[in-house]
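Okay, structure first, notes after.
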Amino acid sequence: MPANGLWTLSDLCTPWCVHVAATLGIADHLVAGDMEIGPLAAASGADRDSLYRVLRHLVSKGLFAEPAPGRFALNEAARGLLEEPIRLGLDLDAFGGRMAHAWGTLLSAVRSGKPAYHEAFGRGFWEDLDAHPAIAAGFDALMGPAGHGVPDWHVLVDPADWESVRTVVDVGGGTGALLAEILRARPEVRGTLVDLPRTVARSVEVFQAAGVADRVTTVGQSFFDPLPGGGDLYILKSVLGDWPDREATAILRRCAEATRPSGRVVVFTGAGAGEDASPELLMMVLGGGRGRTLDELREMAHQAGLEVRAVGRQASGRVIVECWPI
């Protein structure tokens, strides 16, 4: 790769300018009619000259248009800044700021093999969410439909197997989007959502909107504590990859305990080879999480008291692993 190509890959100017434009709500102000740099700066609470330089740079990179000197407009690329998940992920005053600044700890994480999030924020990632409810709400939103779309549950288990499923426990299920979709499609099934109290408290609207609130029990607790027992199906989606091996094994062990004697656990894992590695790297930086191969997951499940009996794949490429208690 030519030297100038390395400079392009390592240039931090453009991404930070994008974050700044998103945080200031520039796209929204343009929609509202503040197109001249003076009114635009006043509306966004920014210095006129500094904002002008940022926007000129972004125009040169294809984000925003400048139809006349000092007058800016949205283009197709900039309209993405009006979308809710983009706002959540880029806003430096919200959870997007945590993700952006956490990358400054990457070198320490790579050198030590441990998360260094505390170097930037004074405490570990999960402890930081506990201390800042608004930031935690942004994280929950990005983990839900706003960030990941409507959950695809259809290949969760073989269609014939649903005949034996009457209770589903979604472990670390966030605000309940996946569980709501399952219950809406399977009226004979009851569900239990397990997540931290601050998170399950935000599930009420999700279940009510889906029309399934009367068939859901919410349990506000850590999934490192004993889980509600007696469920037919326990789901782990976007959970294990957030944690190092020891903690991920502990979560599986709690699931194994809860499923005995006849329940099962279904784990959603990454798509594998060729998958974009940036989400896995982000969770490594934030909390020491990591993706795992099927063999690694199989061994981890065995250590937790589970046996992998079936492996499937969603249309998206995400792998579904079905485990039974040993």
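Please treat every number below as a calculation from the coordinates, not as lab data. Only a predicted model underlies this, so the values are computations on that prediction, with no experimental measurement involved. A quick note on method: Cβ atoms are made from the backbone with ideal geometry, for glycine too, and the neighbour counts reach across all protein chains shown.
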Discussion item. Quick check: pseudo-label points 7 Å beyond the Cα along Cα→Cβ at Ser108 and Ala201, how many nm apart are they?
Written reply: 3.0
Worksheet item: What dipole magnitude, in Debye to the nearest 20, does the chain give about its Cα centre under +1 on Lys/Arg Cβ and -1 on Asp/Glu Cβ?
Response: 280
Discussion item. As I understand it, the dipole of the chain uses +1 on the Cβ of Lys and Arg and -1 on the Cβ of Asp and Glu, about the Cα centre. Which of Thr105, Val219, Ala22 lies farthest toward its positive end?
Written reply: Thr105
Fill in: Net charge over other residues, Cβ less than 14 angstrom from the Cβ of Phe64 (K, R count +1; D, E count -1)
0
Worksheet item: For segment 172-218 and segment 100-120, what is the separation of their C-alpha centers, rounded to whole Å?
Response: 34
Practice prompt. Divide by every residue of the chain the summed helix terms, -39500 (n - 2.57) for each DSSP H run of at least 4, and state the resulting mean residue ellipticity at 222 nm, rounded to the nearest 500 deg cm²/dmol.
Written response: -12500 deg cm²/dmol
Worksheet item: Stretch Arg71-Glu188 to full length: gain in nm at 0.36 nm per residue minus the Cα-Cα span?
Response: 36.3 nm
Worksheet entry | Mean separation of Cα contacts under 8 Å (6+ apart) over length of the chain, as relative contact order % | 12
Discussion item. Let me spell out the model: positive unit charges on the Cβ of Lys and Arg, negative unit charges on the Cβ of Asp and Glu, origin at the Cα centre of segment 174-243. What dipole size does that give, in debye rounded to 20?
Written reply: 100
Worksheet entry | Exposure proxy order (Cβ contacts within 10 Å, fewest to most) of Ile26, Ile182, Ile320, Ile326 | Ile326, Ile320, Ile182, Ile26
